[in-house]
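Enquirer: Here's a structure for you.
The values are calculated or read from the model by the stated rules, or taken from the named source; none is laboratory data. Because the structure is a prediction, the values reported are computed rather than measured. Methodologically, a virtual Cβ is constructed for each residue, glycine included, from the backbone with ideal geometry; neighbour enumeration extends over all protein chains shown. We work out accessible area using only protein heavy atoms, side chains counted, and drop any ligands, DNA or RNA first. Shrake-Rupley method; radii C 1.70, N 1.55, O 1.52, S 1.80 Å.
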Amino acid sequence: MGRSALSAANALVDGELRPATITITDGTITAVTLGASGDDAGAGAYVLPGVVDTHVHVNEPGRTAWEGFATATEAAARGGVTTIVDMPLNSVPATTTPEALALKRSRAEGQVRVDTGFWGGAVPDNLGSLEGLWDEGVLGFKCFLIDSGVADFPPLGRDQLHAAMREIGGFDGLLIVHAEDPDVIASSPAPPSRAYADFVSSRPDEAEVAAIARVVDAVREHGTRTHLVHLSSARALGLIADARAEGLPLTVETCPHYLVLDAGSVPDGATEFKCCPPIRDRGNQDALWDALVDGVIDCVVSDHSPSTAAEKSRGGGDLQQAWGGITGLQVGFAAVADSAVRRGVGIERVSAWMSTTPARIAGVAGKGAIAAGYDADFVLWSPTDSYEVHAEALAHRNKPTPYAGLTLQGRVTRTVLRGETVFDATTDAVPATATGRLLRR
Ligand SMILES: [Zn+2]
């Protein structure tokens, strides 16, 4: 702690890379002055605000064999992520009561290597008592409109979605929605199959479009701040753009796997690519990039949702039976940065999508910018280095990832949390002590 300064030839300040000297006092940025006396970042690395990943399933307690606070946050630190926000489901219990939140916090305490916030859940059982969780510091409430994949986190029906919006709007909270329509999916063929194309047909674009239309109508009625998680289908973009043009308080995220991977390249039986909604075709991927560049999509977060190998191989490669969730927390930023380079999109845009904007939408105070008053959280990223993703080398508890084998241009060389290095690529080390904090709204 105390006072220090970071001199950088290329720091992202006010949306532009420029020479800057960043003064840090007790972990907080206290001044940023333009001009640098040297380059502490080393080897031409850019100094960017730490990545803020607001969509991470840590799964502890209850499914710690799938992931856990220690492994997830080490992976985060290695991937340039200085803040994660944990999803309320897949842990046992789900974070739907103040007691469950307290238990989760007690398990996370002392284990986290990056700062960690929490979403609560809105399920049929806890409607009417959401404000208690809000008062305990969750950043908002996740709900599903379709089966979530776990029995203890049921979806909200039509009237329940309205009830949740009315209630959450009453305390100016944030609702975040998994938007796929159960009726469309129920009427889509879902034969046992190892072919990714069959899996995509079982979760069609229309399911997202129909569900998002329903959410937009509800937002129009209640005015509640609402965020769409993991948009996959570009076919819903017109609807979203119209809703925003109308002035509705609707935001939307997409994920690295939808921006980097495409359905046409997935080998048969490759369950590490299974997620809901699914990865779609290359034309869809291009349209998502256009929507990011145009500002229709606000941000990019990992939706890191691993499971054990047994869950992933359930059904022997049948994509209907395997657990749906992508392992990608450690790789997400590097993968999107690599694709951005290939597409001629500047790293300053990537940083806005993966740090500034998710912090703003989720209301994570003091994160997402290099400016006085913000936490001294940085990712140092070298545009000239490259590396190949080796699944076995990742810090996630369960290694299989669809990013394995990709060679990415650019590399995270150091991650800094409140002024302290929490990952250094030159030694491949994370420090022995975990210095992350648990965040409250
Ligand atoms: Zn998720």
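Enquirer: May I ask you to list the residues in the range 418-441 that are open to solvent by 30 Å² or more (accessible area, probe 1.4 Å) and on the phi > 0 side of the Ramachandran plot?
Expert: If the condition is that a residue be open to solvent by 30 Å² or more (accessible area, probe 1.4 Å) and on the phi > 0 side of the Ramachandran plot, then G419, D428 are the ones that fit.
Enquirer: Continuing with the same structure: Of everything in the range 102-134, what is among the acidic types (D, E), closer than 24 Å to A77 by Cα and open to solvent by 60 Å² or more (accessible area, probe 1.4 Å)? Give them in sequence order.
Expert: First pass over the range 102-134, keeping only residues among the acidic types (D, E): 109, 115, 125, 131.
Checking the rest, the ones that are also closer than 24 Å to A77 by Cα come to 109, 115.
Correct list: E109 only.
Enquirer: Related question: Which condition breaks for H257 when tested against (1) within 20 Å of the chain's Cα centre (by Cα); (2) open to solvent by 10 Å² or more (accessible area, probe 1.4 Å); (3) in contact (Cβ under 8 Å) with a residue 60 or more places away in the chain?
Expert: Status for H257: all satisfied but (2).
Enquirer: Which of the residues belonging to the range 176-191 are open to solvent by 60 Å² or more (accessible area, probe 1.4 Å) and either part of a helix (DSSP H, G or I) or within 11 Å of P277 (Cβ to Cβ) (or both)?
Expert: The answer is D183, A186.
Enquirer: Using the structure shown, decide if S91 is among the hydroxyl-bearing types (S, T, Y) and open to solvent by 20 Å² or more (accessible area, probe 1.4 Å).
Expert: So S91 fails the test.
Enquirer: Can I ask one more? Which pairs do you get when a residue that is of a type in the set (D, E), found in the range 16-31, comes within reach of a residue that is part of a strand (DSSP E or B) and open to solvent by 60 Å² or more (accessible area, probe 1.4 Å), reach meaning Cβ atoms under 8 angstrom, with the pair 6+ apart or on two chains?
Expert: D26/R3
Enquirer: Would you check which residues across the range 350-368 are in contact with a helix residue (DSSP H, G or I) (Cβ under 7 Å, 6 or more places away or on another chain) and more than 10 Å from V52 (Cβ to Cβ) and list them?
Expert: Result: V350, W353.
Enquirer: Considering only the range 317-333, state which residues are of a type in the set (F, W, Y) and within 16 Å of the ligand (Cβ to nearest atom). Explain how you work it out, then say what you get.
Expert: Residues of the range 317-333 that are of a type in the set (F, W, Y), as a first pass: 323, 333.
Within the range 317-333, just W323 meets the criteria.
Enquirer: Right, something else. Taking A236, is it open to solvent by less than 10 Å² (accessible area, probe 1.4 Å), away from the ligand (no atom under 16 Å from the Cβ) and out of contact with any Leu (no Cβ under 6 Å at 6 or more places or on another chain)? Walk me through how you get there before you give the answer.
Expert: Values: open to solvent by less than 10 Å² (accessible area, probe 1.4 Å): yes; away from the ligand (no atom under 16 Å from the Cβ): yes; out of contact with any Leu (no Cβ under 6 Å at 6 or more places or on another chain): yes.
When the stated conditions are applied, A236 passes them.
Enquirer: Can you name the residue in the range 277-312 that is away from the ligand (no atom under 15 Å from the Cβ) and in a loop (DSSP other than H, G, I, E, B) and, of all such residues, is farthest from G344 (Cα to Cα)?
Expert: T308
Enquirer: Mind checking whether some residue in the range 63-82 is within 16 Å of the ligand (Cβ to nearest atom), in contact (Cβ under 8 Å) with a residue 12 or more places away in the chain and surrounded by fewer than 24 Cβ atoms within 10 Å (Cβ to Cβ)?
Expert: yes
Enquirer: Within the range 1-27, track down each residue that is farther than 17 Å from A369 by Cβ, open to solvent by less than 50 Å² (accessible area, probe 1.4 Å) and either outside any loop (DSSP other than H, G, I, E, B) or of a type in the set (A, V, I, L, M) (or both).
Expert: Across the range 1-27, the qualifying residues are S7, A9.
Enquirer: Only one of T415, T384 is in contact (Cβ under 8 Å) with a residue 40 or more places away in the chain, surrounded by fewer than 17 Cβ atoms within 10 Å (Cβ to Cβ), touching a Gly at 6+ places or on another chain (Cβ under 7 Å) and not aliphatic (A, V, I, L, M). Can you tell me which?
Expert: After applying the criteria, what remains is T384.
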